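Visitor: This is the structure I have questions about; it appears just below.
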Amino acid sequence: MEKKTEIVIIGAGIGGLMCAYRLAQKRPDAHIVVLEKGRPLQQRVCPLQSHAADHCVHCPSCAITNGVAGAGAFSDGKFIIGTEYGGWLPDYLGNEKTMTYINEVDRILQQFADHEYKRYLPNDDIKQRCMAHDLYLEQAVVVHFGTDGNRLIMTGLVRQLTALGVELRTEVAVEDVDAAAHQVVIDGGRRLAYDRLVIASGRSGAIWLADTCQKMGIRMRSNQVDIGVRVELPRLVWEDISRQIYEPKIIFRTKKYGDNCRMFCFNSGGEVVMENNDGILTVNGHANADEAKKTANSNFALLSTTNFTQPFDEPIRYAQHVARLGNMISGGSVLVQRLGDLRNGRRTDAKRLAQSTVRPTLQAVAGDLSLCIPMRQLENIVETLQALDQIAPGTANYDTLLYGVEAKYYSAKPEFMNDHFAIAQDVYALGDGSGVTRSLSQAGAMGLYVAEGILDE
């Protein structure tokens, strides 16, 4: 067995890194080890995105979702300074305390920036424009680092952690947690002892956390599950709005079913990318801050929210099942379909896709999304696109591209033992994998808060 370690953190996303940062600052005598199953940040290269391959080659650990800096390293780099959206941390801490920690994370990250990034302010004129069409715009101050800026900032943070004495071990998978013995089981059955354990496994580790909690006898509470598509269209369509607020995060309550359908993760001049979540291929979107690296398109997620009730209690696996259907139909990839073809009840094939005025930024398989996404959710998506077309004409054009499946797994929320998110004796859970947050800002804030809880004990 390895030498006893005082604090072990599972996951090197922003939540885990912020937790390590605060602990190392306040407890320089502590031995802090961060375990990450993915690669170091500079070695995270996706063969598909770098054009070294023309299809997903199913790397042992997906470079897009796993690795130092987490999935956020390859996100659009939006940092949300507000509590109206981005997770449920304010439900536990209150708005004022949550904002205190979000502002602290912002201050820390700005230390590693190469320049002052633009801050987009709330805009009541656009909000009113949305309200006129039964659309609700959630607002916050948004800092856009971009994929390029975010990578630079996280590189600086990791360098600082190393200087503070934090030990960062990459390509190490945690197989199990033995809470009774205060040990984690890592690759090859080796055991690493801890005094405190922090689980910050991120959204890609949500299933693993749920399974771990089940083994430990920790009750889980179902959360919402979001299933939908990634929408791609000409940048000009939303440029008037995105230039003012950057992130048009809009909710629409559909008329037919009364379900919430939300638009978020907007990438101006961005590209659609594929993610591999434990063998399940889904879609996401990225964008750089550097104007020279932008494309002629923009993209955003459009997801239909479902809140399951008893007796069903496996919402994450439900979303995975829908995504797997998309992988099956596409022959091991993801699907893309023109909105007009979907409305007309016909499959998009390679010939029809080639005729599209919107040139796809992801090499996906032309097909029929109605064969994998349930009717209710698909009808919600089409209805919402029609509503969005009222404020951004061109959104519901025939050639608007829909990629699927996009799914967000925020459904495994453990029952916490105390106010500092302990799930067992000396074991804490934080970040997107815990079901509490779903943004860089709230995950980072939760990391700082959990660290201070540990320090206060």
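Just so you know, all these numbers are worked out from the coordinates, no wet-lab data involved. Being a predicted model, the structure only gives us computed values, none of them experimental. Neighbour counts are summed over all protein chains in view; Cβ atoms, including those assigned to glycine, are modelled from backbone coordinates with ideal geometry.
Visitor: When you take every Cα atom in segment 1-154, what is the radius of gyration, and what is Dmax, the widest Cα pair distance, in Å?
Guide: 18.7, 64
Visitor: Would you tally the net charge around residue 422, using a Cβ to Cβ cut-off of less than 11 Å, leaving residue 422 out, and scoring K and R as +1, D and E as -1?
Guide: For residues surrounding residue 422, the net value is -3.
Visitor: Take the residue pairs 78/118; 255/413; 249/408; 118/293; 215/413; 256/413 and return only those whose Cα atoms are more than 19 Å apart.
Guide: Going by Cα-Cα distance, 255/413; 256/413 fall outside the 19 Å limit.
Visitor: Karplus couplings for segment 162-169 from phi (6.51 cos²θ - 1.76 cosθ + 1.60, θ = phi - 60°), rounded to Hz, Gly and Pro as x?
Guide: In residue order, the calculated couplings are 4, 5, 7, x, 6, 8, 10, 9 Hz.
Visitor: Angle check, please: helix 206-215 long axis (alpha carbons) against the longest principal axis of the chain (alpha carbons), in degrees 0 to 90, nearest 10.
Guide: 50
Visitor: Then there is this: Compute the separation of the alpha-carbon centres of segment 321-398 and segment 51-126 and state it in Å as a whole number.
Guide: Result: 27 Å between the Cα centres.
Visitor: Follow-up question, since we're still on this one. Rounded to the nearest 20 Debye, what is the dipole magnitude of the chain about its Cα centre when Lys and Arg each give +1 and Asp and Glu each give -1 at the C-beta?
Guide: My answer is approximately 720 debye.
Visitor: Taking the Cβ of residue 120 as the center, what net charge do the other residues with Cβ under 11 Å away carry, scoring Lys and Arg +1 and Asp and Glu -1?
Guide: Counting the neighbours of residue 120, the net charge comes to +3.
Visitor: Then there's this: For segment 224-409, rounded, prolate or oblate, judged on the Cα gyration tensor with a ≥ b ≥ c (square roots of eigenvalues), a/c < 1.5 rounded, else prolate if a/b > b/c?
Guide: Cα axes put segment 224-409 in the rounded bin.
Visitor: Mean projection of the alpha-carbon convex hull of segment 189-300 over all orientations, in nm²?
Guide: Averaging across all directions leaves 11.8 nm² for the Cα convex hull.
Visitor: So how tilted is helix 440-456 from the main axis of the chain? Cα-based, degrees 0 to 90, rounded to 10.
Guide: For 440-456 against the chain, the angle is about 20 degrees.
Visitor: Taking only Cα atoms, what is the 0 to 90° angle, nearest 10, from helix 14-26's long axis to the longest principal axis of the chain?
Guide: That helix lies at roughly 30 degrees to the long axis.
Visitor: Give the longest segment of the chain that steers clear of trypsin sites (Lys or Arg not before Pro) in DSSP loops with at most 14 neighbouring Cβ atoms within 10 Å, not counting the sites themselves.
Guide: Longest gap between qualifying sites, sites excluded: 5-117.
Visitor: On a C-alpha basis, how far is the centre of segment 20-43 from the centre of segment 227-261 in Å? Whole number, if you could?
Guide: 37
Visitor: Could you give me D for the chain, from Stokes-Einstein at 37 °C and 0.692 mPa s, where the hydrodynamic radius is the Kirkwood radius over C-alpha pairs? Units µm² s⁻¹, please.
Guide: In µm²/s, the coefficient rounds to 148.
Visitor: Summing +1 for each Lys or Arg and -1 for each Asp or Glu, what net charge is found among the other residues whose Cβ lies under 14 Å from the Cβ of residue 39?
Guide: With Lys, Arg at +1 and Asp, Glu at -1, the neighbours total +2.
Visitor: Still on this structure, please answer the following. Tabulate in residue order the Karplus-calculated ³J(HN,Hα) for segment 376-388, using 6.51 cos²θ - 1.76 cosθ + 1.60 with θ = phi - 60°, rounded to whole Hz; enter x for Gly and Pro.
Guide: Karplus-based 3J(HN,Hα) across segment 376-388 equals 4, 5, 5, 5, 4, 5, 5, 5, 5, 4, 5, 5, 5 Hz.
Visitor: For the chain, what is the mean residue ellipticity at 222 nm derived from helices alone (per DSSP H run of n ≥ 4: -39500 (n - 2.57); sum divided by total residues; nearest 500 deg cm²/dmol)?
Guide: -9000 deg cm²/dmol
Visitor: Hey, another quick one. Please list 3J(HN,Hα) in residue order for segment 114-129, calculated via the Karplus relation 6.51 cos²θ - 1.76 cosθ + 1.60 where θ = phi - 60°; whole Hz, with x for glycine and proline.
Guide: 8, 7, 7, 7, 4, 10, 9, 9, x, 9, 5, 5, 5, 4, 5, 4
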